[in-house]
Amino acid sequence: MNKVIFQCEKLRLGKFFVDFTSMLWYYKLTFEVNCAVRYLVVAYKNKSLEKICTDFSEAVRRYGIKIAEKIHLRINEISAATNVDMMIQFHIGRCHRLIGNRDGQYSVDLTQPYRLIFTVKDGEIQIAKIIEIVDYH
């Protein structure tokens, strides 16, 4: 008679939980994963901008449903990223570094022509400071 052992481990990725189940015959395999994953911490330039980015109904009132959905999607993507380089590498929200008079700032797409602008303070923990929602074109 074959014995089946199920072992389920939960791994936290951003704000999501992923279940990994391994099926082994006769043996129970136990392993530990030690990882120190750091995520971007989101900060805001002012209380008004924070309210728009954290309160969906306020974002809908100010920008409409389509842009409000994108704002909250982009904030979730920023907070789930480990760093800005990852966002640029994997084209998350079409993240890119700005140049010229906006040097040192980053932009992610909302809906044409609006962009979510933020800066990143490097350190032990990277802080993404949301500066504005603007059409800079």
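A few remarks follow.
- The chymotrypsin sites (Phe, Trp or Tyr not before Pro) found in the stretch 52-137 that occupy coil by DSSP, while having at most 15 further C-beta atoms within 10 Å, are F90, Y136.
- Solvent exposure of the stretch 47-137 as accessible area per residue, Å², 1.4 Å probe: 57
- Normalised radius of gyration (Cα atoms, divided by 2.2 N^0.38 Å) for the stretch 52-126: 1.13.
- Most tightly packed first, judged by the mean number of other beta-carbon atoms within 10 Å of their residues, the peptides 119-130, 75-86 read 75-86, 119-130.
- For H137, the shell of other residues with beta-carbons less than 15 Å away shows a net charge of 0, using +1 for Lys and Arg and -1 for Asp and Glu.
The values are calculated or read from the model by the stated rules, or taken from the named source; none is laboratory data. Please read these numbers as outputs of a predicted model, since none were measured by experiment. FYI the Cβ positions are ideal-geometry reconstructions off the backbone, even for glycines, and counts take in every protein chain you see. The accessibility values were calculated without ligands, DNA or RNA, using every heavy atom of the protein model including side chains. Shrake-Rupley method; radii C 1.70, N 1.55, O 1.52, S 1.80 Å.
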